[in-house]
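Note sheet for the following structure.
The values are calculated or read from the model by the stated rules, or taken from the named source; none is laboratory data. What you are looking at is a predicted structure, and each value in this text was computed from that prediction instead of being measured. Backbone-built Cβ (ideal geometry, glycine too); neighbour counts: all protein chains shown.
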Amino acid sequence: MTKFSLIEVQVINQALKNVALETGIVLQNSAFSPNIRERLDFSSAILDSECRLVAQAEHIPVHLGAMPESVKCIVSYIGLDNLLEGDIYIGNNPYHGGTHLPDITVVKPIFYQQQLVGYIANRCHH
């Protein structure tokens, strides 16, 4: 196991938070919905390969609280062996980690050297 200094940990932590923030900015700038563009009713997060929250942008807290469960449910439904690099999965079931029907969760698996290392997820109210 690799050990990191406290400075390295903070650099990695801030970089991951920045990735989550940037995905939110891209989502906001590309959205048609005023709920996303103007009300900022969306959230972005990075999760590890076991669907644990690693980093989040400071958006809507209720989205982020349910995000790991939502990603777990999507991964379980698709099947871990069926996740492919480049695929994007969408869900909005409030009984499977969602918050309510108008909230849509979009999940993209992150692969490094053909190995699943995590997920990036966005949830927005349409």
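Taking residues in the range 96-107 that are more than 16 Å from Ile36 (Cα to Cα) and in contact (Cβ under 8 Å) with a residue 40 or more places away in the chain, and partners anywhere that are crowded, with 19+ Cβ neighbours inside 10 Å and of a type in the set (Phe, Trp, Tyr), not one pair has Cβ atoms closer than 7 Å while being at least 6 places apart or on different chains.
Look at the range 67-91: where a residue is farther than 15 Å from Ser49 by Cβ and a partner is aromatic (Phe, Trp, Tyr), sitting 6+ places away or on another chain with Cβ atoms under 8 Å, you get Gly91/Tyr77. The single condition from (1) assigned to a loop (DSSP other than H, G, I, E, B); (2) farther than 13 Å from Gly118 by Cβ; (3) of a type outside the set (A, V, I, L, M, F, W, C) that Gln10 fails is (1).
Of all residues in the range 42-63, those being farther than 13 Å from Lys17 by Cα, surrounded by fewer than 20 Cβ atoms within 10 Å (Cβ to Cβ) and either of a type in the set (A, V, I, L, M) or in contact (Cβ under 8 Å) with a residue 40 or more places away in the chain (or both) number 4. Apart from one condition, Met1 fits all of (1) over 12 Å from Cys124 (Cα atoms); (2) touching a residue at least 12 places away in the same chain (Cβ under 8 Å); (3) of a type outside the set (Val, Ile, Thr); (4) not in a helix (DSSP H, G or I); the exception is (2).
To keep it simple, each residue is scored yes or no on (1) exposed (fewer than 12 other Cβ atoms within 10 Å of the Cβ); (2) under 18 Å from Val19 (Cβ atoms).
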| residue | (1), (2) |
| --- | --- |
| Glu69 | no, no |
| Tyr77 | no, no |
| Gly91 | no, no |
| Tyr95 | yes, no |
| Thr99 | no, no |
| Pro102 | no, no |
| Tyr112 | yes, yes |
| His126 | no, no |
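Report whether or not Gly86 is surrounded by 12 or more Cβ atoms within 10 Å (Cβ to Cβ) and either over 11 Å from Tyr119 (Cα atoms) or more than 13 Å from the chain's Cα centre (by Cα) (or both). No: the conditions fail for Gly86. Does the range 47-61 include one or more residues that are part of a loop (DSSP other than H, G, I, E, B), among the aliphatic types (A, V, I, L, M) and under 22 Å from His96 (Cβ atoms)? Yes - at least one qualifying residue is present in the range 47-61. Out of Asn29, Asn35, Asn18, one residue alone is assigned to a helix (DSSP H, G or I) and loosely packed, with under 11 Cβ neighbours inside 10 Å. It is Asn29.
State whether the residues of the range 64-75 include one that is more than 12 Å from His125 (Cα to Cα), in a loop (DSSP other than H, G, I, E, B) and touching a Leu at 6+ places or on another chain (Cβ under 9 Å). No, because not a single residue in the range 64-75 is more than 12 Å from His125 (Cα to Cα), in a loop (DSSP other than H, G, I, E, B) and touching a Leu at 6+ places or on another chain (Cβ under 9 Å).
Against the list (1) under 13 Å from the mean Cα position of the chain (by Cα); (2) of a type outside the set (Val, Ile, Thr); (3) modelled with pLDDT under 90, the condition Leu40 fails is (1).
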